[in-house]
Amino acid sequence: MDLAIAVVPMGLGHLRQVLDLGHQVFDTTTKPYTSWSLTAVAEHLDSPDNACWVALDSDRVVGFVLGSMEFEHRDDWAYLEWIAVAPDMQGHGIARRLVDVCSEALFARGARHIVTDVEDRNSASGALMTSAGFVPAATVTLLVRPNPDDSGTGDQPLPPMSATTRHDLIRRGRLSVDHPRR
């Protein structure tokens, strides 16, 4: 673990670097309902949950986690939605520190459970969440039925959802966490 890396509450001054880091590490083509936007970050930053944290190497944001006390309209369940660590800083325990700090903040706000989800091919994030005490609770398979009349060739990524649609899905607990490409 790098002790020189400070983990602090995310503030407005971190917004640009958090947004840029997310664009760098999140693969938004993995799922059709995955998006990363200024709105996604700003909504978390504007929340009173104190569940948004950044990892700093001097003044550089090298990681972040965004959580909230909103999951399926339950007041006692929280959602750890976004986590990322800069590729050149992975493997130093930063992600685990971010998960632990975010989880502690959410439990302090009254969460009885914290929910996160990991795309099944993302073994690094799966191992991280398991080591942090998360256990499998449900398996959901995204099924896609192509239009037989569509003469398009092969699998093409679906366009990202609008920020409004994404926000509505988050509030209903129907939206998945994005994870680094690893």
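What is the gain in length, in nm to one decimal, between ALA42 and LEU12 on full extension, counting 0.36 nm per residue of separation less the C-alpha to C-alpha distance?
In short, 9.9 nm is gained.
Tell me the Rg and the Dmax, in Å, that the Cα atoms of region 1-154 produce.
So, for region 1-154, Rg and Dmax equal 16.6, 58 Å respectively.
Once the piece of chain linking SER151 and ARG112 is laid out straight, how much longer is it, given 0.36 nm per residue of separation minus the C-alpha distance between them?
9.1 nm
Where in region 24-63 is the amide nitrogen less than 16 Å from a point lying 7 Å along the Cα-to-Cβ axis of ALA4?
From region 24-63, the list is 55-63.
Please give the charge dipole size of region 13-66, origin at the Cα centre, charges +1 on K and R Cβ atoms and -1 on D and E Cβ atoms. Round to the nearest 20 debye.
120
Please name whichever of VAL101, LEU12, LEU38 sits farthest to the positive end of the charge dipole of region 1-125, dipole taken about the Cα centre and charges placed at Cβ: Lys and Arg +1, Asp and Glu -1.
Result: VAL101.
Treating the beta-carbon of each Lys and Arg as +1 and of each Asp and Glu as -1, no other charges, what is the dipole magnitude of region 1-159 about its Cα centre, to the nearest 20 debye?
260
The numbers here are math on the coordinates, done by the rules we state, and not lab data. In this text the structure is predicted, and so the values were computed from the model without any measurement. Quick reminder, even Gly has a Cβ in these numbers, built from the backbone with ideal geometry, and neighbours come from all protein chains shown.
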